[in-house]
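Here is the structure we will look at.
Read-outs throughout are calculated quantities, based only on the coordinates presented, and are distinct from any laboratory measurement. In this text the structure is predicted, and so the values were computed from the model without any measurement. Every residue, glycine as well, gets a Cβ built from its backbone with ideal geometry; the counts of neighbours run over all protein chains shown.
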Amino acid sequence: MKTEWSWYETKYEMAEFILERLENYKENYNKNGYSLPNWVLSKSDKKEPDTNSEETKLKKIWNQELDMMIDSFRQILNYKLQFDNQLEYDEKKIQEGLNKFSKYYLHFWD
């Protein structure tokens, strides 16, 4: 049952929803991802990779970006749920991850 203060928990509810889906997306992308994440490159660097090592590098960068997004949502939830004493609460890192999430939002598939 929602209370008149349930809106106060919105960021945690959203973080939980998004975190689960980001983790699932990353897992499935790494198993079945066919797209090359050239969206992680600057406009001047964008080109089709012509070697396996370039493809691997793009996928590694994309995984690092995903990890930053995932970590930011974990930190938000950890602040409330305290499930990991080792996980820091670093507002700067959280904001960086949220900025990346917003930057790449349109590149998550329908």
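Ellipticity at 222 nm from helices only: DSSP H runs of n ≥ 4 in the chain, each -39500 (n - 2.57), divided by the residue count, give -21500 deg cm²/dmol. For the peptides 78-89, 30-41, residues were scored by their other Cβ atoms within 10 Å and the scores averaged per peptide; the highest-first order is 30-41, 78-89.
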